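Q: Pasting a structure here, questions to come.
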Amino acid sequence: MFEGPFSESIIKRAQEKGLVKINVTNIRNFATDRHKTVDDTPYGGGAGMVLKVDVMAKALDSISDGYRILLTPQGKLLNQEMVTQLSKRPHLVLIAGHYEGFDERIREYLVDQEVSIGDYVLTGGELAAVVVVDAVLRHVPGVLGKEESAKKESFSNNLLEYPQYTRPEEFQGWKVPDLLLSGDHEKIEKWRQEQALKRTKEKRPDLLTRKDCLSQSGSD
Ligand code: ADE
């Protein structure tokens, strides 16, 4: 689940350039019995399995200290501001369970923060961890082509990105707005700001009133 995303494109190049180091640790390697058990049935009964606290503690002991994030739908919703804050930390430890619950003591004693990537349930935290890695990495200087490119995009002022066009000027009768072809950069800049605001009002009016999230850079 990690190999594909971490060995392609920007995340791959960031590692090659030595801008980031990504290690994947399999908690199964820290099971203590010969069946490599990492989960068990819940005390008190009920369906499902529960990830064991002792195995998790051993796995965490095996890696150097970092800010520990448990990926779970119970966590705080990931947003651009949180991504920016996380990107300032030198070492993140992302903890993902698969298709089961966590022993509550993992949450209570072993983790610094719980993070959710959205109000839906995935089969495990792995994909959520990949999302965190991707979003955080774009903030590491040198990872994106120009550092500027992160700053200028959507969300840099709590607004969505303005509409963009490229050649051809006309396709099947669908035209690029004349103004963009005019060469009048002042007018174009004004139009873009207006469009960004209009678009945000239409598509995501919640962003205009929310203070908690989009104060930093991001993407579309
Ligand atoms: N694990 C399962 N669902 C998740 C979600 N929405 N966010 C983070 N981790 C999860």
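The values are calculated or read from the model by the stated rules, or taken from the named source; none is laboratory data. Because the structure is a prediction, the values reported are computed rather than measured. Here Cβ is always computed from backbone atoms with ideal geometry, including for glycine, and neighbour counts include all displayed protein chains.
Q: Just name the residue that is nearest to the ligand (Cβ to nearest atom) out of those in segment 120-134 that are under 9 Å from the mean Cα position of the chain (by Cα) and under 16 Å from Q74 (Cβ atoms).
A: Step one: filter segment 120-134 for residues under 9 Å from the mean Cα position of the chain (by Cα), giving 128-134.
Going one step further and asking which of them are under 16 Å from Q74 (Cβ atoms), we end up with 128-129, 132.
On the way: A128: 3, A129: 8, V132: 9 Å.
The residue in question is A128.
Q: Oh, and also: (1) more than 16 Å from the ligand (Cβ to nearest atom); (2) buried (at least 19 other Cβ atoms within 10 Å of the Cβ): which one isn't true of I27, the others all being true?
A: Result: I27 fails condition (1) only.
Q: Also: I'd like the full set of residues that are small (G, A, S) and under 29 Å from the mean Cα position of the chain (by Cα), limited to segment 32-48.
A: If we filter segment 32-48 for residues that are small (G, A, S), which is where we start, we get 44-48.
Residue satisfying the conditions is G48 alone.
Q: Can you pull out the residues in segment 98-119 that are assigned to a loop (DSSP other than H, G, I, E, B) and under 16 Å from K76 (Cα atoms)? Don't jump to the end; show me each part of the working.
A: In the first step, residues of segment 98-119 are kept if they are assigned to a loop (DSSP other than H, G, I, E, B); the result is 99-100, 103, 111-112, 117-119.
Scanning segment 98-119 gives V111, D112, I117, G118, D119.
Q: Follow-up question, since we're still on this one. A128 is checked against (1) out of contact with any helix residue (DSSP H, G or I) (no Cβ under 8 Å at 6 or more places or on another chain); (2) farther than 25 Å from R204 by Cβ; (3) part of a helix (DSSP H, G or I) and fails just one. What number does that condition carry?
A: Answer for A128: the failing condition is (2).
Q: Now a separate question. Checking G142 against (1) closer than 30 Å to L207 by Cβ; (2) out of contact with any Asp or Glu (no Cβ under 7 Å at 6 or more places or on another chain); (3) in the same structural domain as K21 (by TED's automatic domain parsing), only one condition comes out false. Which one?
A: G142 satisfies all of (1) closer than 30 Å to L207 by Cβ; (2) out of contact with any Asp or Glu (no Cβ under 7 Å at 6 or more places or on another chain); (3) in the same structural domain as K21 (by TED's automatic domain parsing) except (3).
Q: Now a separate question. Does L77 satisfy being surrounded by 20 or more Cβ atoms within 10 Å (Cβ to Cβ), under 13 Å from the mean Cα position of the chain (by Cα) and at negative phi? Outline the logic, then answer.
A: Details: surrounded by 20 or more Cβ atoms within 10 Å (Cβ to Cβ): no; under 13 Å from the mean Cα position of the chain (by Cα): yes; at negative phi: yes.
Considered against the rule, which asks whether it is surrounded by 20 or more Cβ atoms within 10 Å (Cβ to Cβ), under 13 Å from the mean Cα position of the chain (by Cα) and at negative phi, L77 comes out as no.
Q: Could you figure out which of (1) farther than 30 Å from P141 by Cα; (2) at pLDDT 95 or above isn't true of H98?
A: In the conditions (1) farther than 30 Å from P141 by Cα; (2) at pLDDT 95 or above, H98 misses (2) alone.
Q: Going by the conditions given, is A150 surrounded by 19 or more Cβ atoms within 10 Å (Cβ to Cβ) and modelled with pLDDT of 95 or more? Give the derivation first.
A: Details: surrounded by 19 or more Cβ atoms within 10 Å (Cβ to Cβ): yes; modelled with pLDDT of 95 or more: no.
The answer is no for A150.
Q: So which residues in segment 92-119 are more than 13 Å from the ligand (Cβ to nearest atom) and among the β-branched types (V, I, T), if there are any at all?
A: V93, I106
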